[in-house]
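Visitor: To start, I am sharing the structure in question, which I have written as structure tokens.
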Amino acid sequence: MKVCDGVYAYPWTNMMENNCNTYVLDGDGLILIDPGLKRYVPDILDAMKNDGLNPKDISTILNTHSHPDHMDGNSYFDRDKVKLTMHEEAEKFLSQVGGQFFSMFGLEFPDRKADYFTNGGDVELNNLSLKIFHSPGHSPGSICIYWPEKKVLISGDVAFSGSIGRTDFPGGSLAELGKSIERIAPLEIEYLLPGHNEMVQGSDAVKSNFDFIRRAFFS
Ligand SMILES: [Zn+2]
């Protein structure tokens, strides 16, 4: 579904299956953010077609972090046509504990490396001017992706509607997560698009959501 011009969301609605929300940014070619589990990628591509997007235009995959439920679907795509990027720490995480993690989920360990890293700061991706916030706490290589022009923040598993990412996985830290959340909370955000569950829409609702998170988890 279209969120606003240039931003599309493919939220996961079946709670019985483990998967994550996928997002698409429409620039000079499409950026696919977190394709989720490989077996559901065809469903996402169908939903994209319904929104008037051509899956063949996907030229970049950006992972918010390297947990299997977000990145298993990377391997669906042809590595010659679609470039893969994530934070350097996300790839390091894979090389350290990724094997265990993928087998825990009964998934094949990805043999594909990132074509380049997206570590933080101002980044031009597919001709879009984005800001990347390194956001450790849920996972050491987590990033949040901000598109200032659209006031859109894709928060991965850092902040959800009414909740925060788990910190009991390897490399997790509640204190780090709190700091990461304080870096994104002051941004002007109209659409908070998290890695799981529903999105938060409207700047007041987004502010209230961060206030709730502070009270519930960090006070
Ligand atoms: Zn995760």
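Visitor: State all residues of the stretch 97-121 that are within 23 Å of residue 83 (Cβ to Cβ) and out of contact with any Ser or Thr (no Cβ under 7 Å at 6 or more places or on another chain); if no residue qualifies, say none.
Guide: Residues satisfying the conditions are 102, 107, 108, 109, 111, 113, 119, 120, 121.
Visitor: Looking at the stretch 123-132, can you tell me whether even one residue there is within 12 Å of the ligand (Cβ to nearest atom) and either farther than 19 Å from residue 208 by Cβ or in contact with a helix residue (DSSP H, G or I) (Cβ under 8 Å, 6 or more places away or on another chain) (or both)? Working first, answer last.
Guide: Quick first cut of the stretch 123-132, residues within 12 Å of the ligand (Cβ to nearest atom) only: none.
No, that holds for no residue.
Visitor: List pairs: first in the stretch 149-161 and at positive phi and part of a loop (DSSP other than H, G, I, E, B), second acidic (Asp, Glu) and away from the ligand (no atom under 16 Å from the Cβ), Cβ under 8 Å, 6+ apart or cross-chain?
Guide: Qualifying pairs under 8 Å: 151/188; 151/190.
Visitor: Go through the stretch 190-213 and give me each residue that's more than 16 Å from the chain's Cα centre (by Cα) and either in contact (Cβ under 8 Å) with a residue 12 or more places away in the chain or closer than 25 Å to residue 25 by Cβ (or both). I'd like the intermediate steps shown before the answer.
Guide: Pass one, the stretch 190-213, residues more than 16 Å from the chain's Cα centre (by Cα): 190, 201-213.
Matches in the stretch 190-213: 190, 201, 202, 203, 204, 205, 206, 207, 209, 210, 212, 213.
Visitor: Scan the stretch 168-179 for residues that are touching a Gly at 6+ places or on another chain (Cβ under 6 Å) and either assigned to a loop (DSSP other than H, G, I, E, B) or more than 13 Å from the ligand (Cβ to nearest atom) (or both) and report the count.
Guide: The number of residues fulfilling the criteria is 2.
Visitor: A follow-up question, please. Hey, among 216, 185, 205, which residue is farther than 18 Å from residue 71 by Cα, touching a helix residue (DSSP H, G or I) at 6+ places or on another chain (Cβ under 8 Å) and of a type in the set (A, V, I, L, M, F, W, C)?
Guide: 185
Visitor: So, one more: Does the stretch 79-95 include one or more residues that are surrounded by fewer than 20 Cβ atoms within 10 Å (Cβ to Cβ), of a type outside the set (D, E, K, R) and more than 24 Å from residue 11 (Cβ to Cβ)?
Guide: Yes; the residues of the stretch 79-95 include at least one that is surrounded by fewer than 20 Cβ atoms within 10 Å (Cβ to Cβ), of a type outside the set (D, E, K, R) and more than 24 Å from residue 11 (Cβ to Cβ).
Visitor: Oh, and also: If residue 136 satisfies every condition in (1) more than 16 Å from the ligand (Cβ to nearest atom); (2) in contact (Cβ under 8 Å) with a residue 40 or more places away in the chain; (3) outside any strand (DSSP E or B); (4) in contact with a helix residue (DSSP H, G or I) (Cβ under 9 Å, 6 or more places away or on another chain) but one, which is the exception?
Guide: Answer for residue 136: the failing condition is (1).
Visitor: Another question, then. Given the conditions (1) within 13 Å of the ligand (Cβ to nearest atom); (2) surrounded by fewer than 24 Cβ atoms within 10 Å (Cβ to Cβ); (3) closer than 27 Å to residue 26 by Cβ, report the number of the one that residue 157 does not fulfil.
Guide: It is condition (2) that residue 157 fails.
Visitor: Pairs please, first residue from the stretch 108-128 and outside any loop (DSSP other than H, G, I, E, B), second anywhere and basic (Lys, Arg), Cβ atoms under 8 Å, 6+ apart in sequence or on different chains.
Guide: Matching pairs, first to second residue: 116/83; 121/131; 122/131; 123/131.
Visitor: Can you pull out the residues in the stretch 181-202 that are among the small types (Gly, Ala, Ser) and within 19 Å of residue 23 (Cβ to Cβ)?
Guide: To start, the set of residues in the stretch 181-202 that are among the small types (Gly, Ala, Ser) comprises 185, 195, 202.
195, 202, listed by residue number.
Visitor: Being within 16 Å of the ligand (Cβ to nearest atom) and part of a loop (DSSP other than H, G, I, E, B) is the filter here, so list the residues in the stretch 79-89 that pass it.
Guide: 87
Residue by residue, here is whether (1) among the hydroxyl-bearing types (Ser, Thr, Tyr); (2) in contact with a Cys (Cβ under 6 Å, 6 or more places away or on another chain); (3) modelled with pLDDT of 95 or more; (4) over 19 Å from residue 3 (Cα atoms) holds:
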position: 60; (1), (2), (3), (4): yes, no, yes, yes
position: 78; (1), (2), (3), (4): no, no, yes, yes
position: 95; (1), (2), (3), (4): yes, no, no, yes
position: 103; (1), (2), (3), (4): yes, no, no, yes
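The values are calculated or read from the model by the stated rules, or taken from the named source; none is laboratory data. Everything numeric in this text was worked out from a predicted model, so none of it was measured. A quick note on method: Cβ atoms are made from the backbone with ideal geometry, for glycine too, and the neighbour counts reach across all protein chains shown.
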